[in-house]
Each structure stands twice: as C-alpha cells, then as structure tokens.
There are 2 protein chains.
Amino acid sequence: MALAIKRVDSAIEALRNRLGERLSTSGAVREQHGHDESWHPTQAPDAVAFARSTEEVAEIVKICAAYRTPVVPFGAGTSVEGQLQAVEGGISLDLSQMNRILAVNGEDLDCIVQPGVRRKQLNEHLRDSGLFFPIDPGADASIGGMTGTRASGTNAVRYGTMRENVLALTVVLPDGRVIKTARRARKSSAGYDLTRLFVGSEGTLGVIVEITLRLYGIPEAIAAAVVPFETIAGAVDTTILTIQSGIPVARIELLDEVQLDAICRYSGIDYPIKPTLFLEFHGTEQGVREQSALVKAIADEHGGGGFQWTTRPEERSKLWQARHDAAYAAKALRKGCGIWATDVCVPLSRLAECIAETQKDLKQSFLVAPLVGHVGDGNFHLAFVLDRDNPQELREAERLNGRLVERALAMGGTCTGEHGVGLGKRKYLTAEHGAETLSVMAAIKQALDPDGIMNPGKMLPD
Amino acid sequence: MALAIKRVDSAIEALRNRLGERLSTSGAVREQHGHDESWHPTQAPDAVAFARSTEEVAEIVKICAAYRTPVVPFGAGTSVEGQLQAVEGGISLDLSQMNRILAVNGEDLDCIVQPGVRRKQLNEHLRDSGLFFPIDPGADASIGGMTGTRASGTNAVRYGTMRENVLALTVVLPDGRVIKTARRARKSSAGYDLTRLFVGSEGTLGVIVEITLRLYGIPEAIAAAVVPFETIAGAVDTTILTIQSGIPVARIELLDEVQLDAICRYSGIDYPIKPTLFLEFHGTEQGVREQSALVKAIADEHGGGGFQWTTRPEERSKLWQARHDAAYAAKALRKGCGIWATDVCVPLSRLAECIAETQKDLKQSFLVAPLVGHVGDGNFHLAFVLDRDNPQELREAERLNGRLVERALAMGGTCTGEHGVGLGKRKYLTAEHGAETLSVMAAIKQALDPDGIMNPGKMLPD
C-alpha cells in the first residue's frame with residue numbers, strides 16, 4: 001500500500017510537471033470524475049489529467065505505465081454502469097478538451113473526430129453538409145465514450161450500433177504506443193479486426209484518441225408516428241412483425257404505461273396513458289408513406305388505435321426530446337430520488353415473453369421502474385426509481401436486476417445490449433459467456449495490458 | 001527437423017486411432033488439400049483429417065497441440081490468397097462433412113450452421129421460409145471459410161459483409177477448448193467482441209465449428225438492370241453518386257470492357273462491349289421502381305445509355321450467373337491458363353482515380369487482367385490471366401499487384417477488401433498497418449496460440 005501510494009504520488013508529480021494546471025488534485029474535480037450517471041457510489045481518482053492531444057495522451061499513459069498507476073479514460077461522464085469510478089484510484093484521463101472534428105469526408109460518407117466530441121456537436125457541425133451521424137443513445141455522450149461502450153440507441157434498428165459504424169480508431173496502448181486499427185476503406189480483410197476489439201472495451205485495453213465514423217445522407221423525407229396500444233403485448237407483437245416483414249423503420253421505441261405517464265408529466269405532452277410505440281421512418285416521400293401504411297396495418301391488427309403521424313420537424317423534435325428525457329422523467333416521479341438504469345437484449349421471438357415476465361416481477365415489487373426499449377433490436381431498459389441512500393431499495397433493485405438478467409440469459413439474450421459492463425454487470429459475465437470464453441478475454445487483456453493499468457476493476461470478473 | 005517429423009508422425013498415428021479411415025495420407029487427398037483457387041503452388045499437408053462434430057474437432061486439435069503439429073482448417077477450398085497451403089506441413093482439417101444446418105429461427109431472422117455448409121445449400125434450405133442469407137462472394141464457398149476470410153461480395157453494399165452478419169461463433173481454441181463468442185441477441189455490450197476477432201482470422205486463432213448468421217426476408221420485389229457506359233469514369237461516377245445519394249441499391253457491380261467481353265463470350269450473352277454496371281434493387285414494387293428511376297437519372301447524366309431493366313427471375317438469374325462466372329470467363333480468355341485474382345478497396349472518393357491509374361498500368365503490360373468490382377463499397381478485383389508455370393508472367397503479375405496495392409494504400413485504402421491475406425498479401429501488411437499495429441495482432445496470436453499451430457505462415461508477417 002505504501003508502495004502504491006508512492007507510485008501514484010510519483011505519477012502525479014511527473015504529470016504535473018508535464019501538464020501544469022491541467023493536472024488537478026482538487027477535491028471537487030476528483031469527485032466529479034469519480035462517478036458516472038449510474039447508482040454506483042463515487043470513487044474519486046487521485047488526480048485528473050486533462051489532455052489536449054494524442055501526443056499528450058501517450059505521454060500521460062507512459063508516465064502512468066512507468067509508475068503502474070491506473071488510468072480511467074473519461075469523456076462526458078454519461079455512462080450508466082459504473083465505467084468511470086476509480087475503484088483502484090489513479091488518474092482520471094479527461095478527454096473532453098480533445099473535441100475537434102478533424103475531417104468530414106462528404107464524398108466518402110465518413111468523418112474523423114477526437115474522442116471528446118459530443119454527438120450533438122457532431123450533428124450540428126454536419127447539418128449543412130446534408131449528412132448525419134445516426135447513433136443516438138439519448139444522452140449527449142462523447143463519441144469516445146460511445147465507442148468504448150459499444151453504444152447504440154434509438155436508430156440502431158436501421159443504422160446499426162457503434163460496432164457497425166466505427167471504421168477505424170487511433171488508440172494509445174497501455175504502454176503509450178500509438179496505433180491505428182484500420183484504414184478508411186469501407187471494408188477490409190487485412191488482418192485481425194482490432195477496430196471491433198477496441199469498440200466496447202470500456203477503456204480496459206487502451207485510450208481511444210481518434211475515431212473514424214460512417215455518416216449517412218439526411219433522408220429526403222422523415223416522418224414520425226405515435227401509436228398507443230391496449231396491451232403491451234400488442235405493441236411488442238407489432239414490433240416483431242414489423243421487423244420480420246423487413247420494413248426498414250428507422251426507430252421503433254416502446255414505452256410502457258409507467259414510462260409514458262412519466263414523460264407526459266415531465267415534458268408536458270398529452271398522449272393516452274397506454275403502452276405506446278414511437279416510430280420514425282426515413283426514405284423518399286413515397287417510401288416513408290409506404291412504410292408507415294404497412295406498420296399502421298400491422299398495428300391495427302394488434303390493438304393499436306389512433307396511429308398519429310407527422311412529418312413536421314418541430315413535432316418530431318418534441319416527440320424525440322420527450323423520448324430522450326425518459327430517464328429524467330423517471331427520476332422526477334419521486335422527489336429527491338435517483339435512478340438505477342439497466343438494460344438487456346434478447347432474440348426478438350422472446351421479447352414479448354421477457355417483457356411480460358419482467359412486468360409481472362415489477363408489479364410484485366415496492367419499487368417503480370418505467371420500461372422503455374429499442375424493441376426493434378430486442379433491447380429494453382428499466383429505470384428503477386429509488387433513493388440511492390436507502391440500502392433496502394438498492395437491494396430490491398439488485399434483486400430485480402438479477403432476475404431480469406437471468407431471464408434474458410435463459411432466453412438466449414445478453415446481460416447488456418448497449419450500456420456495457422462497467423461495475424454493474426461484471427458479476428453476470430460468467431453466466432453469460434462461460435469461464436472459458438472469459439479466459440480468452442482475460443488472455444487478450446493480459447497480452448495488451450500486462451500490468452493491468454487500464455480502467456482496472458471493470459468489465460472482466462477477478 | 002527430425003523432431004518435427006517425429007511429432008507429425010505421432011500426431012498422425014493418434015489421429016488414425018481416433019478417426020480410422022477419416023484420417024487420410026493418400027497422395028491425391030493431400031494434394032487436393034494443399035491448395036486453394038489461388039496461383040500459389042500446392043503445399044500438401046502430411047495428412048487430412050475429416051471431422052464430423054465439434055467434439056471431434058476438439059479432439060483433433062488437442063492431439064495436434066500435444067504434438068505441436070500445424071492445423072490448417074479446410075472448408076470448400078475456394079479461397080484465393082493461399083489460405084490453405086500447408087506451408088509447414090501438418091494436418092489439413094477438412095470440415096466439409098460438418099455441413100448441417102442446425103437451426104433456422106425464422107422469427108429472429110437468424111440461423112445456426114456448421115462450417116461446412118455451403119452458401120447455396122443454405123439459401124436452398126431457406127427458400128420456403130421466405131428468408132435468405134445475402135452474403136455472396138461468387139464462389140459456392142463454405143460458411144466457415146467465408147467467416148474465416150471476412151468475405152463479402154455483390155450484396156455487401158446493402159447487407160454488409162460477414163463482419164456485420166455473423167452474430168456468434170463456436171470456436172475450438174488452439175488448445176482444444178471450445179468457446180462460444182456471443183449469444184443470439186442482435187446486439188450486446190457484454191465484453192470484448194470475440195466474434196469479430198475470429199471473423200477474418202483465417203484459421204490462425206482457432207477452428208470455427210458453428211456460426212450464427214443473420215437472415216433477411218426475401219424482398220417483395222427484386223429488379224435488375226444493366227447499363228453500358230461510354231467511359232469507365234462515367235460508370236464509376238454513377239456508382240459514387242448513387243451511394244452518396246443514399247439510394248439503397250442491393251448490388252452495383254462494375255465490369256470493364258475486357259471483363260464484359262470475357263463473360264459475353266463465356267456465357268453466351270449479348271451486351272455492348274463497354275464498361276458496364278450490373279445493378280439489383282430490393283424493396284417493395286414501388287420502392288424498386290423508384291430506386292431504379294433515380295439511378296437511371298444519374299446514369300443518363302454520365303454517359304450511361306440503354307438502361308435495361310428486368311424483374312423477370314430467369315433473366316436476373318442469367319445476369320448474375322454471368323457475373324459470378326467472371327473468373328471462369330477470364331480464365332477462358334487464354335487456353336490452358338489460370339488466373340491470379342487480387343482485390344483492393346479504397347474510399348469511394350478515390351475509386352475513379354484508383355481504377356483509372358490501374359487501367360493505365362494494365363494497358364502498358366503484356367498481361368491481360370479483366371477488372372470487376374463491388375464498386376459501391378470502393379472494392380474492385382483484377383484477374384491476371386496467366387500461365388502459372390511461366391515465371392516471367394508471374395513476376396509481371398506480382399509487379400502489377402504490388403503497384404495496385406501501393407496505389408490503394410496511398411489513397412487510404414486496404415490491400416484486400418474481401419479476399420483476405422493468406423500468403424499473397426502478407427508482405428503488404430506492414431505497409432498497411434504499421435509495425436506497432438501488427439505487434440498488437442501478433443500479441444493476440446501469441447496469447448491464443450502460443451505454440452503457433454493454427455495455420456502457421458499465414459496472415460501476419462514473420
């Protein structure tokens with residue numbers, strides 16, 4: 001312990017020499033970097049280093065490597081499974097000042113950004129080019145963080161997740177060397193897919209310092225629709241049939257009654273308090289009408305009345321802002337409370353059953369947990385509304401979360417569709433993958449980060 | 001060497017005890033397993049083991065591991081960069097008898113297959129379900145081999161490559177342990193993306209024994225079109241604008257005059273001998289017409305006359321069969337000759353320039369090499385028609401290939417878009433990725449296969 005303290009102190013001294021005031025040991029700064037948006041308690045780093053370039057990141061990591069000091073990459077702080085807690089102390093490496101958009105290659109439908117660029121900033125920047133970046137996890141997350149957690153969100157059903165939309169990365173390895181994982185070609189068979197290895201690695205294999213992303217043309221026509229259902233099963237079955245029919249919906253989001261009620265109160269909108277699908281269609285004018293008519297026909301057969309359709313941008317914006325505020329709306333249900341967000345993803349054929357059993361569980365609990373989902377992918381979220389200081393409530397959330405994960409795994413699903421593992425899902429990885437698969441992940445971690453300095457205590461179980 | 005011989009003999013003895021007649025040391029069987037469809041000379045394995053189950057593969061690999069004997073996984077033998085040559089001898093592990101389709105989950109739009117299943121066999125099996133598997137590299141390759149080389153082909157512009165369409169794998173590791181890389185959920189953020197690590201690993205990290213694939217509904221309407229152009233630049237610019245406009249073409253294939261002439265002769269079809277685009281559109285009746293009209297308008301502005309359109313299945317089949325026979329048609333250009341196939345992939349904005357410079361190079365050479373490409377992805381192929389026994393012709397192909405790769409890399413592209421590295425592209429990997437990136441790939445190889453028994457001498461440079 002004495003040695004560990006000495007090491008981190010030496011690292012801090014070396015970093016201060018290099019970064020000056022951009023190395024902070026202030027209590028407030030450390031506290032702010034010791035947590036994300038999850039329920040996990042703050043665990044502050046010993047210091048926070050603010051990097052401004054790839055070269056600086058490489059130097060910072062080299063110093064930390066020399067003193068075997070943990071490095072926790074930090075983007076916008078919006079992760080939800082405890083990815084940012086400095087469980088072994090060390091340095092929080094804040095990348096928010098690396099927020100430049102380095103290139104937009106309109107003809108190639110790609111761009112290159114630094115990790116601190118936020119997704120809204122990127123789309124703002126792209127607006128005049130007629131292009132957009134579709135991945136939208138709700139929060140205004142950093143692109144580096146979204147890459148690290150393999151984020152997806154509402155548009156993934158049509159455009160894929162970060163897995164499909166990152167073309168190449170520049171990464172600072174745990175020893176400070178800098179590599180590029182791939183070139184800018186749309187596809188390649190030239191060697192191991194290091195890009196995909198770092199996408200979703202949650203800062204445990206290196207620091208992502210540049211991201212090459214796929215872009216898409218803004219569709220000629222965009223339309224949105226809201227469809228309330230008599231039953232949640234009707235809404236889920238409509239989703240399943242829509243996907244199975246190959247209708248290329250851009251978004252198909254389910255909100256249960258509790259969640260819909262919460263957002264209506266929070267956002268001051270007025271929908272019937274029923275299980276509801278929010279949909280978006282992208283295409284030509286004609287294509288969008290056609291898709292919408294097909295979905296309406298399916299919804300009509302499953303108790304979906306009052307299909308409301310709009311192509312007006314301001315109405316669409318209002319709709320999706322309300323959807324994105326789902327977590328805040330959930331939080332507002334109980335004054336002074338926070339939320340514990342969790343997500344699972346199951347094969348589409350099991351989605352209705354998985355949601356039904358989950359709701360049954362929730363009905364028997366004293367906790368409230370709105371349900372919202374990117375159901376086109378088989379992915380849904382719960383937000384347990386709780387007093388984070390109340391151990392009984394935390395225990396109940398943990399119990400319900402455990403049952404949810406167990407249920408998803410039993411149905412061939414995964415313990416997290418898009419939030420990542422962090423601290424919160426670590427204990428489920430063995431049940432999901434088996435010990436042998438985890439040993440392969442551990443072997444890769446050991447090969448790339450033998451001293452275990454990169455975001456220690458996260459993802460892989462001990 | 002004496003030790004090596006002893007080891008392989010011991011391995012063969014142990015394998016024969018286990019497999020009986022399914023362990024072959026016959027000269028003809030070894031010869032057949034010592035090459036693929038590339039120009040690389042045959043290098044026969046010491047023996048060929050025919051496996052019938054995952055358990056058998058695991059036992060075979062364990063025996064080979066015990067005797068440090070190379071294992072070269074073998075599917076359909078259709079690779080084109082020397083992936084199958086047993087450069088260090090050892091055992092060719094023939095998986096063609098593992099050809100069962102284990103499950104089709106129609107509601108989930110996925111299926112599980114053994115590695116020896118051929119892509120045509122899979123689509124034949126799926127026909128009545130209304131589903132199809134889109135990845136189509138031309139050859140009737142095995143799904144295991146397609147996974148191993150990260151194959152793609154004509155439909156990739158719309159449906160992605162094997163990278164996007166493999167959901168999960170079962171893999172026998174180099175020590176004989178069996179792992180599953182992921183579950184059947186559409187997306188997951190639960191740990192490192194081992195699926196993508198094995199996709200494209202060309203048998204160097206383990207043996208793929210089960211593949212879970214995404215499937216798609218057969219579109220309501222399919223139409224094809226053929227468009228001859230005055231210049232190849234016109235055809236390429238039409239492609240670039242089509243992609244940039246977001247028109248969701250399912251196939252957009254370029255054939256240069258030499259290739260078009262070759263397939264007209266070979267397949268007995270009658271098109272004007274001009275640079276030509278073959279297109280396919282998938283969608284609703286209305287959507288297909290709309291897409292086609294949009295592409296026609298672009299083509300009209302770029303010297304594309306005589307847009308021929310068809311929705312008749314037999315005409316479409318004839319068209320795509322002719323396209324798929326491109327390599328055979330090339331081969332038929334010179335009696336008794338073979339081909340040396342190569343491919344590169346560049347960012348779309350550089351495609352016209354890359355093709356123009358390549359054609360200039362070809363015009364100055366005594367070798368003929370038809371050009372054909374999945375141009376919507378920026379990917380194109382050359383097939384050098386040559387006498388594989390003539391060193392002068394091989395040297396010239398090597399020179400042109402080297403210049404092609406250098407050109408693609410200088411444009412931000414990759415040395416192979418879909419054929420893989422094998423033996424043929426090994427020497428270009430350092431130029432493409434840099435030594436540091438390759439050292440990470442080597443560290444992963446070392447971590448998973450410390451004795452280097454899996455397909456040695458392939459992909460990574462020494």
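Tabulated data for the structure shown
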read-out: Ellipsoid equivalent to segment A:138-296 - semi-axes via the Cα gyration tensor, in Å; value: 36, 19, 13
read-out: Using a 7 Å Cα-to-Cβ projection, A:Gly305 label spacings across copies, nm, ascending; value: 6.2
read-out: Span from the segment A:318-334 Cα centroid across to the segment A:162-182 one, whole angstrom; value: 34
read-out: Inverse mean reciprocal Cα-Cα distance (Kirkwood Rh) of segment B:140-205, Å; value: 12.6
read-out: Shortest-first distances to equivalent copies, position B:Ile222, nm, label 7 Å out along Cβ; value: 3.3
read-out: Mean separation of Cα contacts under 8 Å (6+ apart) over length of chain A, as relative contact order %; value: 16
read-out: Cβ charges +1 (Lys, Arg) and -1 (Asp, Glu), total dipole of segment B:101-217, debye; value: 220
read-out: Positive-end residue, chain B charge dipole about Cα centroid, Cβ charges, pick of B:Ala322, B:Gly338, B:Ile240; value: B:Gly338
read-out: Crossing angle, helix A:232-244 versus chain A [Cα axis fit, 0-90 degrees, rounded to tens]; value: 80
read-out: Unit charges on C-beta of K, R, D, E only; dipole of segment A:221-327, Debye; value: 240
read-out: Counted charge near B:Gln97, where neighbours are those whose Cβ lies closer than 9 Å (Asp, Glu -1; Lys, Arg +1); value: +1
read-out: Nm distances between copies for B:Ala431, ranked from closest, using label points 7 Å along Cα→Cβ; value: 5.2
read-out: Computed P(r) (all Cα pairs; segment B:101-217; 5 Å bins; percent); value: 2, 12, 24, 26, 21, 10, 4, 1, 0
read-out: Distance in nm between pseudo-label sites at B:Glu436 and A:Glu55 (7 Å out along the Cβ direction from Cα); value: 1.3
read-out: Percentage, to the nearest whole number, of Cα pairs in segment B:2-96 over 16 Å apart; value: 48
read-out: Cα centroid of segment A:243-273 to Cα centroid of segment A:419-462, whole Å; value: 35
read-out: Average Cα contact separation per residue, segment A:101-217, under 8 Å, 6 or more apart, as relative contact order %; value: 33
read-out: Full-extension gain in nm, A:Ala293 to A:Val368, via 0.36 nm per residue minus C-alpha separation; value: 23.5 nm
read-out: In degrees, nearest ten, helix B:313-324 long axis to first principal axis of chain B (Cα); value: 60
read-out: Farthest positive-ward along segment B:391-434 dipole, Cα basis, beta-carbon charges - from B:Met411, B:Leu429, B:Asn401; value: B:Leu429
read-out: Structure-based [θ]222 nm, the protein assembly as shown - -39500 (n - 2.57) summed over DSSP H runs of at least 4, per residue, nearest 500; value: -11000 deg cm²/dmol
read-out: C-alpha center-to-center spacing [segment A:92-107, segment B:391-407] in angstrom; value: 39
read-out: Positive-end residue of B:Gly373, B:Val8, B:Ile143, charge dipole of chain B with Cβ unit charges; value: B:Val8
read-out: Normalised per residue, the volume of the convex hull around the Cα set of chain A (Å³); value: 146
read-out: Distant alpha-carbon pairs in segment B:221-327 (separation over 22 angstrom), percent; value: 24
read-out: Scattering profile of the protein assembly as shown at q = 0.05, 0.08 Å⁻¹ [log10 I(q)/I(0), Debye over alpha-carbon scatterers]; value: -0.28, -0.74
read-out: Value of relative contact order over segment A:100-169, rounded to a whole percent, pairs C-alpha under 8 Å and six or more apart; value: 25
read-out: In order through segment B:256-265: 3J(HN,Hα) via Karplus (6.51 cos²θ - 1.76 cosθ + 1.60), integer Hz, x for Gly, Pro; value: 7, 4, 4, 5, 5, 4, 4, 6, 4, 5
read-out: Label-point separation in nm, A:Asp140 to B:Ala233, each point 7 Å along Cα→Cβ; value: 4.6
read-out: Sorted largest first, extent of segment A:393-434 alpha carbons per principal axis (Å); value: 29, 21, 18
read-out: Net charge over other residues, Cβ less than 15 angstrom from the Cβ of B:Tyr271 (K, R count +1; D, E count -1); value: -3
read-out: Residue order, fewest to most surrounding Cβ atoms within 10 angstrom, among A:Phe50, B:Phe366, B:Phe133; value: B:Phe366, A:Phe50, B:Phe133
read-out: Loop trypsin sites (Lys or Arg not before Pro), segment B:308-377, which have at most 16 other Cβ atoms in a 10 Å radius of their Cβ (DSSP); value: B:Arg334, B:Lys335
read-out: FRET efficiency for A:Ile269 and B:Ser129, using Cβ-Cβ distance with R0 set to 45 Å, rounded to 0.05; value: 0.60
read-out: Cβ-placed point charges (K, R +1; D, E -1), dipole of segment A:2-96 about Cα centre in debye, nearest 20; value: 360
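Each value in this text was obtained by applying a stated rule to the coordinates, not by laboratory testing. It should be emphasised that the depicted structure is a prediction, and the values quoted were computed from it without experimental measurement. Heads up, the Cβs are rebuilt from the backbone with ideal geometry, glycines too, and the neighbour counts pull from every protein chain shown.
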